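Asks: Questions regarding the structure given below will be posed in turn.
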Amino acid sequence: MPRMVHCVVLGREAEGLAYAPYPGELGKRIWQQVSKEGWQRWVDHQTMLMNEYRLTPIDPKHRQFLAQEMEKFLFGGGASTKPEGYVPPAE
């Protein structure tokens, strides 16, 4: 039976992550409070941010920006505003 968590992103019980996807205390908090589906929502949002802002994980400033956005997205009530001019992909 999968590990269940009360997901702060979804606001309901859902299957938890198999391991902490981020190091340190923040990673532990994510593992305890974010579901697989909630984490995937962050990954999708992060991909959009990286593409729209042309971010690279090599740049420490970009990593710091993404870490701040991740914490806001997961524990601060959802995504901040979308980048100016963002157009979601057609389905």
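The values are calculated or read from the model by the stated rules, or taken from the named source; none is laboratory data. Quick caveat, the model's predicted, so the values are computed rather than measured. FYI the Cβ positions are ideal-geometry reconstructions off the backbone, even for glycines, and counts take in every protein chain you see.
Asks: Is it the case that some residue within the stretch 20-38 is polar (S, T, N, Q) and touching a residue at least 40 places away in the same chain (Cβ under 8 Å)?
Replies: Yes, the stretch 20-38 contains at least one residue that is polar (S, T, N, Q) and touching a residue at least 40 places away in the same chain (Cβ under 8 Å).
Asks: So, residue 15, is that one surrounded by 11 or more Cβ atoms within 10 Å (Cβ to Cβ), part of a strand (DSSP E or B) and more than 12 Å from the chain's Cα centre (by Cα) or not?
Replies: yes
Asks: State which residue pairs qualify: first residue in contact (Cβ under 8 Å) with a residue 12 or more places away in the chain and inside the stretch 4-15, second residue of a type in the set (D, E, K, R) and in a loop (DSSP other than H, G, I, E, B) in any location, beta carbons under 9 Å apart, and separation of 6 or more residues or different chains.
Replies: 15/3
Asks: Considering only residues that are modelled with pLDDT of 90 or more and of a type in the set (A, V, I, L, M), which ones fall in the stretch 71-91?
Replies: 74
Asks: Same structure again: For the subset of the stretch 43-62 comprising residues that are farther than 21 Å from residue 75 by Cβ and acidic (Asp, Glu), which member is modelled with the highest pLDDT?
Replies: 59
Asks: Output the number of the condition that residue 22 fails; it satisfies all remaining conditions of (1) assigned to a loop (DSSP other than H, G, I, E, B); (2) out of contact with any helix residue (DSSP H, G or I) (no Cβ under 7 Å at 6 or more places or on another chain).
Replies: (2)
Asks: Would you pick out the residues in the stretch 28-49 that are more than 11 Å from residue 70 (Cα to Cα), exposed (fewer than 15 other Cβ atoms within 10 Å of the Cβ) and not charged (D, E, K, R)?
Replies: Those that are more than 11 Å from residue 70 (Cα to Cα), exposed (fewer than 15 other Cβ atoms within 10 Å of the Cβ) and not charged (D, E, K, R): 32, 40, 47.
Asks: Just checking, which of 40, 68 is in a helix (DSSP H, G or I), modelled with pLDDT of 95 or more and not acidic (Asp, Glu)?
Replies: Selected residue: 40, the only one of 40, 68 that is in a helix (DSSP H, G or I), modelled with pLDDT of 95 or more and not acidic (Asp, Glu).
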